[in-house]
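Where a number appears in this text, it was derived from the coordinates with a stated rule and is not lab data. Keep in mind the model is a prediction, meaning the values are calculated, not measured. Here the Cβ is made from the backbone with ideal geometry for all residues, glycine too, and neighbour counts use every protein chain on show.
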Amino acid sequence: MRMMDKTEILINPRYVIALVAIVFTIWYMRRKRYSKPLPPGPTPWPLIGNIQQFARTDIPFHKMAIMLQEKYGNIVKLHAGPATFIFLMGKETVHKATHEMNDKFKYRPNTIVVIKHFFNKGIVFSNGEVNSALRKYTLGAMREFGVYKRSLEKRIQEEAGILCQVLESKNGQPCYLMDNFKMAVSNIIAGIIYGNRFEYDDPVFKRLLSDIESLFKYASLNLPENYLPFLRFLPGSKFKKLEKHFKDLESYVRTQIEEHRATFDPENLRDFVDMFLKMEGSEDPVTTEDNLHGVIAELFNAGTDTTANTIMWGILLLITYPDTQKKLRAEILKVVGTERYIRLEDKRNMPYLRAFLNEVQRFAAVVSQTPPHTVLEDTEFEGYTIPKNSNVGFVLFTLLHDADVWGDPDNFRPERFLNEAGEYVELNKDSFIPFSAGGRSCIGKHLARMELLLFFGTLVQKFEFKAPPGADLPSLERLQSELTCYAKPYEMCAIPFSQ
Ligand code: HEM
């Protein structure tokens with residue numbers, strides 16, 4: 001019999017079919033068996049998975065999530081290279097994962113390269129005892145240094161006053177204010193952490209904010225380096241940029257800690273850093289300088305863009321709906337007047353402001369999808385298996401914009417949070433979760449609510465917000481950046497009310 005050469009073997013269809021059959025059989029036999037099926041989702045390509053869905057730039061993620069939900073239901077699976085992503089959508093599904101099954105879903109993955117490399121200290125990506133202890137300390141410190149206290153109320157009022165001076169200096173001319181909003185909310189966090197604030201033109205502050213913004217921008221879960229780690233060594237990799245911003249932020253935070261250490265007095269704790277320094281060296285293994293550094297960076301990161309973005313959305317909606325703006329101002333003038341700052345205790349007499357703030361958070365859905373959670377073992381959930389170590393995202397947008405719950409989710413209507421007598425009502429509590437729910441819900445939610453109430457109250461008390469003369473109303477289009485939705489950048493005119 002004639003011997004076949006290698007090329008003949010490669011092109012002979014019988015051999016190719018046999019080879020495919022062998023590979024398939026090995027894959028099938030080694031394939032993991034689950035007691036319940038895996039969730040449905042678009043068919044992944046070999047090696048790259050559903051990268052085509054992740055990489056789409058023509059359609060923002062929150063819209064794609066709705067399309068996937070319509071086609072596959074409330075639990076959808078996608079793949080990016082070897083990583084499995086599970087998206088949980090809708091009220092019942094997310095409620096179950098954050099309540100009855102919170103103990104299974106309260107973990108964060110430690111398999112994502114960008115996270116392992118840069119964000120492995122602190123609260124957001126820690127698990128178990130470290131996460132519980134850091135959450136407890138941080139919440140304790142936030143309470144100690146102000147949340148719901150007069151001292152922090154005063155601090156936010158002062159910062160709102162400074163923000164108003166900046167707006168006044170624009171003389172009603174068109175301006176873009178996102179950076180100023182970021183500075184204002186970041187200063188509140190700086191106050192809790194370091195006990196002081198930055199001037200808005202301080203170059204160190206500007207650099208800090210730019211580092212935070214860049215970390216948000218480049219630290220993408222979709223970064224191909226996460227799934228093909230060798231890519232980070234290639235020229236042009238975003239890893240290099242991330243590294244630079246991360247190191248800048250790290251060295252800034254370390255300098256602050258050293259300055260505190262030099263003047264530390266355990267009998268007179270001035271702020272969050274002092275509180276942590278007091279615990280450092282105690283038996284507790286989580287109070288390390290690395291964790292302190294991680295938590296500080298996270299509080300700036302997690303608290304700045306989210307809150308400033310919500311303020312940008314709120315002003316955009318005031319410009320779009322001038323009647324809402326008038327009603328809000330009328331309520332503020334009736335309850336607060338023009339002579340003093342709005343206070344937290346005014347809240348109970350201001351149903352319209354409360355309804356407005358809720359509706360801004362619902363409509364904007366600023367964190368449209370949570371950072372990834374995970375399960376530590378294969379987990380049965382709603383008739384499916386959620387595989388161990390998959391990245392599980394709760395798509396909050398699908399709750400905040402659920403037509404079955406809200407009726408007309410795409411309309412901005414603060415009145416939905418009021419009853420016929422005009423009183424504020426808690427509504428759809430299981431669906432209204434802009435800060436998520438369960439064991440990993442936002443630890444800054446009380447601070448954020450405090451800031452939104454006092455900043456908005458003051459801004460609407462002092463200014464009328466309008467689109468620039470002759471310009472169209474700014475777009476309500478929602479842009480998506482990683483996990484957050486933000487308003488398309490727009491210019492506004494802030495016209496001071498004459499006293
Ligand atoms: C309007 C403003 C804000 C919104 C909409 C928001 C929303 C969220 C959401 C949805 C999560 C994810 C929860 C999950 O994974 O299930 C989160 C986590 C977190 N937020 Fe916020 N947040 C805001 C402001 C803040 C502020 C002001 C701070 C602190 C200064 C903060 C600190 C954190 C931290 C540390 C986490 C991680 C918690 C953990 O993993 O254990 N957030 N936030």
Please compute the length gained on full extension between Ile495 and Glu477, using 0.36 nm multiplied by the number of residues separating them and subtracting their Cα-Cα distance. 4.0 nm
Would you kindly state how much longer the chain becomes between Glu243 and Glu258 on full extension, computed as 0.36 nm times their sequence separation minus their alpha carbon distance, in nm to one decimal? 3.2 nm
Unsatisfied cross-links (Cα-Cα over 30 Å) in the set Lys63/Lys170; Lys63/Lys217; Lys104/Lys488: Lys63/Lys170; Lys104/Lys488
Residues whose placed amide H lies under 5 Å from that of Phe381, excluding near-sequence neighbours: Ile386
Please give the Cα centre distance for the range 225-277 versus the range 158-175, rounded to the nearest Å. 32 Å
Once a ≥ b ≥ c are taken as the square roots of the eigenvalues of the Cα gyration tensor of the range 32-496, is the result rounded (a/c under 1.5), prolate (a/b larger than b/c) or oblate (a/b not larger than b/c)? oblate
For Val113, what is the net charge nearby, where nearby means another residue's Cβ is under 9 Å from its Cβ and Lys, Arg count +1, Asp, Glu -1? +1
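Could you rank the peptides 167-177, 372-382 by their average count of other C-beta atoms within 10 Å per residue, with the highest value first?
For the peptides 167-177, 372-382, the packing ranking is 372-382, 167-177.
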How would the range 448-499 be classified by its alpha-carbon gyration tensor: rounded, prolate or oblate, with rounded meaning a/c under 1.5 and the a/b versus b/c comparison settling the rest? oblate
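Rounded to the nearest 500, what is the chain's calculated 222 nm mean residue ellipticity when only DSSP H runs of at least 4 contribute -39500 (n - 2.57) each, over all residues?
Working: 19 runs with 247 residues, N = 499.
The per-residue figure over the chain is -15500 deg cm²/dmol.
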Efficiency of FRET from Cβ geometry, Leu231 and Lys71, R₀ 30 Å, rounded to 0.05: 0.45
About the Cα centre of the chain, what is the dipole size in debye to 20, counting +1 per Lys and Arg Cβ and -1 per Asp and Glu Cβ, all else neutral? 1260 debye
Got the relative contact order for the range 198-277 handy, in percent, Cα pairs under 8 Å and 6 or more residues apart? 25 percent
For the range 393-433 and the range 296-338, compute the distance between their C-alpha centroids and round to whole Å. 18 Å
Roughly how far apart, in whole Å, are the Cα centres of the range 73-147 and the range 448-499? 31 Å
Which of Phe435, Gly303, Gly172 sits closest to the plus end of the dipole of the chain, meaning its Cα is farthest towards the positive end, when Lys and Arg get +1 and Asp and Glu get -1 on the C-beta? Phe435
Using a cut-off of 12 Å between alpha-carbon atoms, which aspartates and glutamates can reach Lys121, once sequence neighbours fewer than 8 places away in the same chain are excluded? Glu250, Glu289, Asp290, Glu298
Non-local amide H neighbours of Gly49 (under 5 Å, H modeled in plane, Pro and chain starts lacking H): which ones? Gly81
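Give, in nm to one decimal, the length gained when the segment between Asp323 and Lys32 is fully stretched (0.36 nm per residue of separation minus the Cα-Cα distance).
Roughly 98.9 nm would be gained on extension.
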Under the classification rounded if a/c is under 1.5, otherwise prolate if a/b is larger than b/c and oblate if not, where does the range 362-423 fall, given a ≥ b ≥ c as square roots of the Cα gyration tensor eigenvalues? prolate
For the chain, what is the percent of antiparallel DSSP beta bridges, rounded to the nearest 5? 85 percent
Protection proxy ranking of 292-301, 138-147, 407-416 - average other beta-carbon atoms within 10 Å, highest first: 292-301, 138-147, 407-416
Can you give the relative contact order of the chain as a percent, counting alpha carbon pairs under 8 Å and 6+ residues apart? 23 percent
